[in-house]
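The structure under discussion appears below in the form of C-alpha coordinates.
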Amino acid sequence: MELTHSWSQAVPGGSLAVLAELSGRFELRETRNAAAILAATAPQEFAELCAVLAAFTLGTVDLIEAGGNESKLAARLNADLRGRGWREGRVDTVVRSVLQVQPWAPAGEHEIVERTDEVRNEGYKVDNVKGRVALDVEWNAKDGNLDRDIGAYRSLYDAGLIDGAVLLTRTHDDLRELARRLSRAAGQSDEQVRSRFSTSTTTHLGKLESRMTRGDAGGCPLLAVAISARCWVPDDGSGSTGGSTLPVLRDDQPVLEGWSG
(Lines give C-alpha, C1' and ligand atoms only; values in the text may rest on other atoms or scores of the structure.)
Protein backbone atom coordinates (compact mmCIF):
# COMPACT_ATOMS: atom_id res chain seq x y z
CA MET A 1 0.00 0.00 0.00
CA GLU A 2 1.31 3.43 -0.95
CA LEU A 3 1.78 5.91 1.89
CA THR A 4 0.18 9.34 1.57
CA HIS A 5 1.30 12.77 2.82
CA SER A 6 -1.86 14.82 3.25
CA TRP A 7 -0.27 17.22 5.79
CA SER A 8 2.12 18.42 3.09
CA GLN A 9 -0.86 20.00 1.30
CA ALA A 10 -1.97 21.95 4.36
CA VAL A 11 -3.57 25.35 3.90
CA PRO A 12 -1.84 28.03 6.03
CA GLY A 13 -3.72 28.58 9.26
CA GLY A 14 -5.60 25.29 9.02
CA SER A 15 -5.40 22.37 11.43
CA LEU A 16 -3.27 20.35 9.03
CA ALA A 17 -0.75 23.20 8.99
CA VAL A 18 -0.19 22.64 12.72
CA LEU A 19 0.68 19.00 12.09
CA ALA A 20 2.93 20.02 9.19
CA GLU A 21 4.88 22.27 11.57
CA LEU A 22 5.19 19.42 14.05
CA SER A 23 6.84 17.29 11.36
CA GLY A 24 9.97 19.28 12.17
CA ARG A 25 10.23 17.33 15.42
CA PHE A 26 8.20 14.16 14.74
CA GLU A 27 8.38 11.68 11.88
CA LEU A 28 4.98 11.23 10.24
CA ARG A 29 3.56 8.40 8.14
CA GLU A 30 0.00 7.75 7.04
CA THR A 31 -2.24 5.55 4.94
CA ARG A 32 -5.37 6.69 3.09
CA ASN A 33 -4.79 10.40 3.85
CA ALA A 34 -5.42 9.76 7.55
CA ALA A 35 -4.37 13.21 8.76
CA ALA A 36 -6.70 15.03 6.37
CA ILE A 37 -9.57 12.66 7.16
CA LEU A 38 -9.16 13.06 10.93
CA ALA A 39 -8.81 16.83 10.65
CA ALA A 40 -12.06 16.97 8.68
CA THR A 41 -14.16 14.38 10.51
CA ALA A 42 -12.81 14.79 14.06
CA PRO A 43 -11.54 18.39 14.28
CA GLN A 44 -11.62 18.58 18.08
CA GLU A 45 -9.80 15.28 18.60
CA PHE A 46 -7.27 16.18 15.89
CA ALA A 47 -6.62 19.57 17.52
CA GLU A 48 -6.13 17.89 20.90
CA LEU A 49 -3.64 15.45 19.39
CA CYS A 50 -1.66 18.34 17.90
CA ALA A 51 -1.75 20.20 21.25
CA VAL A 52 -0.38 17.15 23.08
CA LEU A 53 2.41 16.78 20.53
CA ALA A 54 3.25 20.49 20.58
CA ALA A 55 3.64 20.43 24.38
CA PHE A 56 5.69 17.23 24.40
CA THR A 57 9.43 17.22 25.05
CA LEU A 58 11.79 14.27 25.32
CA GLY A 59 13.96 14.38 28.42
CA THR A 60 17.26 12.70 29.20
CA VAL A 61 15.59 10.50 31.82
CA ASP A 62 13.24 9.14 29.14
CA LEU A 63 16.24 7.69 27.32
CA ILE A 64 18.57 6.47 30.06
CA GLU A 65 16.13 4.98 32.59
CA ALA A 66 14.57 1.59 31.95
CA GLY A 67 10.79 1.55 31.66
CA GLY A 68 8.28 -0.95 33.01
CA ASN A 69 5.09 -2.27 31.46
CA GLU A 70 4.14 1.34 30.83
CA SER A 71 7.10 3.69 30.70
CA LYS A 72 6.92 7.07 32.34
CA LEU A 73 6.94 8.67 28.90
CA ALA A 74 3.93 6.67 27.70
CA ALA A 75 2.14 7.31 31.00
CA ARG A 76 2.79 11.03 30.58
CA LEU A 77 1.28 11.10 27.11
CA ASN A 78 -1.71 9.01 28.15
CA ALA A 79 -2.33 11.24 31.18
CA ASP A 80 -2.31 14.33 28.97
CA LEU A 81 -4.90 12.73 26.71
CA ARG A 82 -6.99 11.56 29.68
CA GLY A 83 -7.14 15.14 30.90
CA ARG A 84 -8.64 16.10 27.54
CA GLY A 85 -11.40 13.49 27.73
CA TRP A 86 -9.80 10.51 26.02
CA ARG A 87 -10.52 7.14 27.66
CA GLU A 88 -9.28 3.57 27.42
CA GLY A 89 -11.41 1.32 25.23
CA ARG A 90 -11.73 -2.37 24.45
CA VAL A 91 -12.74 -4.15 21.27
CA ASP A 92 -15.12 -7.04 22.02
CA THR A 93 -16.86 -9.28 19.50
CA VAL A 94 -20.36 -10.61 20.20
CA VAL A 95 -21.88 -13.29 17.97
CA ARG A 96 -25.62 -13.85 18.50
CA SER A 97 -27.25 -16.78 16.73
CA VAL A 98 -31.04 -17.06 16.49
CA LEU A 99 -32.96 -20.21 15.49
CA GLN A 100 -36.60 -19.54 14.47
CA VAL A 101 -38.93 -22.53 14.59
CA GLN A 102 -41.87 -21.77 12.31
CA PRO A 103 -45.45 -22.59 13.35
CA TRP A 104 -47.47 -25.25 11.56
CA ALA A 105 -51.11 -24.21 11.20
CA PRO A 106 -52.65 -27.73 10.96
CA ALA A 107 -51.30 -28.37 14.46
CA GLY A 108 -52.89 -25.19 15.76
CA GLU A 109 -49.55 -23.39 16.02
CA HIS A 110 -49.53 -19.66 15.36
CA GLU A 111 -46.32 -18.23 16.91
CA ILE A 112 -42.68 -18.45 15.95
CA VAL A 113 -40.52 -20.04 18.63
CA GLU A 114 -37.02 -18.57 18.93
CA ARG A 115 -33.93 -20.11 20.47
CA THR A 116 -30.89 -17.90 20.86
CA ASP A 117 -27.25 -18.35 21.74
CA GLU A 118 -24.65 -15.64 22.28
CA VAL A 119 -20.88 -15.94 22.27
CA ARG A 120 -18.77 -13.02 23.55
CA ASN A 121 -15.08 -12.78 22.78
CA GLU A 122 -13.15 -10.22 24.81
CA GLY A 123 -10.82 -8.37 22.52
CA TYR A 124 -7.85 -6.05 22.77
CA LYS A 125 -7.66 -2.81 24.68
CA VAL A 126 -7.04 0.51 22.97
CA ASP A 127 -5.09 3.06 25.02
CA ASN A 128 -7.27 6.03 24.10
CA VAL A 129 -10.62 6.53 22.39
CA LYS A 130 -12.53 9.75 21.90
CA GLY A 131 -15.35 10.36 19.49
CA ARG A 132 -14.55 8.32 16.39
CA VAL A 133 -10.78 8.21 16.83
CA ALA A 134 -8.63 5.48 18.44
CA LEU A 135 -5.08 6.16 19.61
CA ASP A 136 -2.31 4.01 21.13
CA VAL A 137 1.08 4.92 22.59
CA GLU A 138 3.78 2.32 21.85
CA TRP A 139 7.06 3.75 23.08
CA ASN A 140 8.79 0.71 24.57
CA ALA A 141 6.73 -2.42 23.99
CA LYS A 142 7.16 -5.72 22.19
CA ASP A 143 6.65 -5.21 18.49
CA GLY A 144 3.79 -7.71 18.53
CA ASN A 145 1.72 -4.97 20.15
CA LEU A 146 1.61 -3.27 16.76
CA ASP A 147 -0.28 -6.24 15.30
CA ARG A 148 -2.73 -6.10 18.20
CA ASP A 149 -3.28 -2.36 17.82
CA ILE A 150 -3.70 -2.40 14.05
CA GLY A 151 -6.03 -5.41 14.27
CA ALA A 152 -8.20 -3.51 16.75
CA TYR A 153 -8.32 -0.44 14.48
CA ARG A 154 -9.32 -2.56 11.52
CA SER A 155 -12.12 -4.24 13.48
CA LEU A 156 -13.42 -0.93 14.81
CA TYR A 157 -13.33 0.66 11.38
CA ASP A 158 -15.01 -2.28 9.66
CA ALA A 159 -17.75 -2.13 12.31
CA GLY A 160 -18.26 1.57 11.54
CA LEU A 161 -17.22 2.68 15.04
CA ILE A 162 -14.21 4.87 14.14
CA ASP A 163 -13.17 7.01 11.18
CA GLY A 164 -9.43 6.58 11.71
CA ALA A 165 -6.63 5.82 14.15
CA VAL A 166 -3.36 7.25 15.42
CA LEU A 167 -0.33 5.30 16.66
CA LEU A 168 2.37 7.15 18.63
CA THR A 169 5.73 5.42 18.58
CA ARG A 170 9.42 6.37 18.16
CA THR A 171 12.18 6.42 15.59
CA HIS A 172 15.09 4.04 16.01
CA ASP A 173 18.60 4.89 14.86
CA ASP A 174 18.70 8.54 15.90
CA LEU A 175 17.25 7.85 19.36
CA ARG A 176 19.59 4.90 19.86
CA GLU A 177 22.58 7.10 19.12
CA LEU A 178 21.30 9.88 21.40
CA ALA A 179 20.57 7.39 24.19
CA ARG A 180 24.09 5.95 23.96
CA ARG A 181 25.65 9.38 24.24
CA LEU A 182 23.46 10.47 27.15
CA SER A 183 23.94 7.20 29.02
CA ARG A 184 27.70 7.39 28.83
CA ALA A 185 27.63 11.05 29.78
CA ALA A 186 25.61 10.02 32.84
CA GLY A 187 28.39 7.66 33.89
CA GLN A 188 26.93 4.35 32.76
CA SER A 189 29.43 1.69 31.76
CA ASP A 190 29.66 0.20 28.28
CA GLU A 191 28.19 -3.02 29.64
CA GLN A 192 25.20 -1.21 31.12
CA VAL A 193 24.59 0.58 27.85
CA ARG A 194 25.01 -2.62 25.84
CA SER A 195 22.62 -4.62 28.04
CA ARG A 196 19.85 -2.07 27.59
CA PHE A 197 20.33 -1.05 23.97
CA SER A 198 21.18 -4.40 22.36
CA THR A 199 17.80 -5.40 20.96
CA SER A 200 15.58 -4.06 18.20
CA THR A 201 12.54 -6.25 18.93
CA THR A 202 10.55 -3.39 20.45
CA THR A 203 8.17 -0.99 18.76
CA HIS A 204 9.53 1.70 16.47
CA LEU A 205 8.60 3.44 13.23
CA GLY A 206 10.41 1.00 10.95
CA LYS A 207 8.40 -1.94 12.24
CA LEU A 208 5.17 0.04 12.08
CA GLU A 209 5.79 1.38 8.57
CA SER A 210 6.25 -2.12 7.14
CA ARG A 211 2.86 -3.12 8.53
CA MET A 212 1.28 0.00 7.08
CA THR A 213 2.67 -0.51 3.59
CA ARG A 214 1.51 -4.10 3.42
CA GLY A 215 -2.02 -2.94 4.25
CA ASP A 216 -2.52 -4.50 7.68
CA ALA A 217 -4.99 -1.77 8.68
CA GLY A 218 -7.27 -2.59 5.75
CA GLY A 219 -9.52 0.35 4.94
CA CYS A 220 -8.84 2.16 8.22
CA PRO A 221 -6.91 5.43 7.73
CA LEU A 222 -3.89 5.23 10.04
CA LEU A 223 -1.62 8.09 11.10
CA ALA A 224 1.74 7.18 12.63
CA VAL A 225 3.57 9.79 14.72
CA ALA A 226 7.10 8.90 15.79
CA ILE A 227 9.02 10.70 18.53
CA SER A 228 12.50 11.48 17.23
CA ALA A 229 15.77 12.80 18.66
CA ARG A 230 14.64 16.24 17.53
CA CYS A 231 12.15 16.20 20.41
CA TRP A 232 14.95 16.02 23.00
CA VAL A 233 15.47 19.01 25.25
CA PRO A 234 18.54 19.11 27.54
CA ASP A 235 17.89 19.09 31.28
CA ASP A 236 18.82 22.76 31.45
CA GLY A 237 16.11 23.52 28.88
CA SER A 238 18.60 25.08 26.52
CA GLY A 239 16.95 23.83 23.37
CA SER A 240 17.84 21.36 20.67
CA THR A 241 20.19 18.43 20.15
CA GLY A 242 22.65 20.60 18.27
CA GLY A 243 25.73 22.39 19.52
CA SER A 244 27.72 21.67 22.68
CA THR A 245 24.73 20.45 24.70
CA LEU A 246 24.96 16.99 23.14
CA PRO A 247 27.66 14.68 24.56
CA VAL A 248 30.20 13.54 21.98
CA LEU A 249 31.25 9.90 21.61
CA ARG A 250 34.96 9.10 21.54
CA ASP A 251 36.30 7.39 18.44
CA ASP A 252 37.21 4.30 20.47
CA GLN A 253 33.71 3.74 21.78
CA PRO A 254 32.04 0.74 20.08
CA VAL A 255 28.94 0.95 17.96
CA LEU A 256 26.09 -0.92 19.63
CA GLU A 257 23.42 -2.68 17.59
CA GLY A 258 19.73 -2.19 18.32
CA TRP A 259 17.95 -0.20 20.95
CA SER A 260 15.24 -1.35 23.32
CA GLY A 261 13.99 2.13 24.09
Selection count, segment 196-218, where residues are part of a loop (DSSP other than H, G, I, E, B) and modelled with pLDDT under 95: 7
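To keep it simple, each residue is scored yes or no on (1) at pLDDT 95 or above; (2) touching a Phe, Trp or Tyr at 6+ places or on another chain (Cβ under 7 Å).
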| position | (1), (2) |
| --- | --- |
| S6 | yes, no |
| L22 | yes, no |
| L28 | yes, yes |
| C50 | yes, no |
| A55 | yes, no |
| E70 | no, no |
Members of segment 101-114 that are part of a strand (DSSP E or B) and surrounded by 10 or more Cβ atoms within 10 Å (Cβ to Cβ): V101, V113
Complete set of residues in segment 115-152 that are within 20 Å of Q44 (Cα to Cα) and either in a strand (DSSP E or B) or of a type in the set (A, V, I, L, M) (or both): V126, D127, N128, V129, K130, V133, A134, L135, D136, V137
Close pairs (6 angstrom Cβ cut-off, 6 or more residues apart or separate chains): within 13 Å of D235 (Cβ to Cβ) in segment 41-67, open to solvent by less than 30 Å² (accessible area, probe 1.4 Å) and among the charged types (D, E, K, R) anywhere: none
2 or more residues over 29 Å from R184 (Cβ atoms) and open to solvent by less than 10 Å² (accessible area, probe 1.4 Å): qualifying helices (runs of 4 or more DSSP H) within segment 23-79: 34-41, 43-55
Residues satisfying the stated conditions in segment 27-49, i.e. charged (D, E, K, R) and within 15 Å of E2 (Cα to Cα): R29, E30, R32
Filter pass, R176 being in contact with a Phe, Trp or Tyr (Cβ under 7 Å, 6 or more places away or on another chain), modelled with pLDDT under 90 and over 24 Å from A55 (Cα atoms): no
Output for segment 153-195, where each listed residue is part of a loop (DSSP other than H, G, I, E, B), touching a residue at least 12 places away in the same chain (Cβ under 8 Å) and open to solvent by 60 Å² or more (accessible area, probe 1.4 Å): L161, A186
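The values are calculated or read from the model by the stated rules, or taken from the named source; none is laboratory data. None of these values were measured; they are calculated from a predicted model. Reconstructed Cβ throughout: ideal geometry from the backbone, glycine too, with neighbour counts over all protein chains shown. We work out accessible area using only protein heavy atoms, side chains counted, and drop any ligands, DNA or RNA first. Shrake-Rupley method; radii C 1.70, N 1.55, O 1.52, S 1.80 Å.
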